[in-house]
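Some notes on the structure that comes next.
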Amino acid sequence: MTIPYEGDYAAAKKILMELADETVKQGDPKIFPNPVFNGITEYAQNGIKFRCFIKTAPGYQWRVGYRFREELHKRYTEAGIKFAYPAVSNYLESSDPAVLAEIAKSQELRSAQKPPETGN
């Protein structure tokens, strides 16, 4: 999973592990005990990546994974935790009033633009 840097990592980890434990304890013989939480695996460009493994019978991992991710999405949404997505931030440092005025003008123009017509 990847959440934005400003996301609540502790809450995201807690929900992930609760769901992993529930998934293992549901009694399906094709899902093996003891999910493994690897912790933070990467500080990526768009956020914090972390991972959890649930062992299953061969070929059964897809079914379990689909259900797991669907339920995780639901629980994260309910808890207000967002998934990361690609984003770019640009920072410009300037105290020059002319530069700051040009930036403000550009932002006003962009926000006033109408979306293109689709022809429908």
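The values are calculated or read from the model by the stated rules, or taken from the named source; none is laboratory data. Note that the coordinates shown come from a computational prediction; the quantities given were computed from them, not determined experimentally. Because the Cβ atoms are built from the backbone with ideal geometry, glycine has one as well, and the counts that use them run over all protein chains shown. Side chains are part of the model used for accessible areas, which takes the heavy atoms of the whole protein and leaves out ligands, DNA and RNA. Shrake-Rupley method; radii C 1.70, N 1.55, O 1.52, S 1.80 Å.
A few remarks follow.
- When region 95-120 is filtered for residues that are modelled with pLDDT of 75 or more, part of a loop (DSSP other than H, G, I, E, B) and either surrounded by 10 or more Cβ atoms within 10 Å (Cβ to Cβ) or of a type in the set (Asp, Glu) (or both), only Asp96 remains.
- Here Asp8 meets each of (1) surrounded by 13 or more Cβ atoms within 10 Å (Cβ to Cβ); (2) more than 22 Å from Lys82 (Cα to Cα) with one exception, condition (2).
- Qualifying residues in region 30-41 (those that are exposed (fewer than 12 other Cβ atoms within 10 Å of the Cβ) and assigned to a loop (DSSP other than H, G, I, E, B)) - the one nearest to the chain's Cα centre (by Cα): Asn34
- Residues of region 79-103 that turn out to be of a type in the set (D, E, K, R) and either closer than 14 Å to Leu19 by Cα or under 12 Å from the mean Cα position of the chain (by Cα) (or both), as a count: 1
- Top-ranked residue in region 15-29 [being part of a helix (DSSP H, G or I) and more than 11 Å from Arg75 (Cα to Cα); ranked as most open to solvent (accessible area, probe 1.4 Å)]: Lys25
- Cross-chain or 6+ apart pairs with Cβ under 6 Å, region 53-75 first and open to solvent by 100 Å² or more (accessible area, probe 1.4 Å), then not aliphatic (A, V, I, L, M): Lys55/Phe32
- Qualifying residue in region 42-64 (condition: among the small types (Gly, Ala, Ser) and not in a loop (DSSP other than H, G, I, E, B)): no
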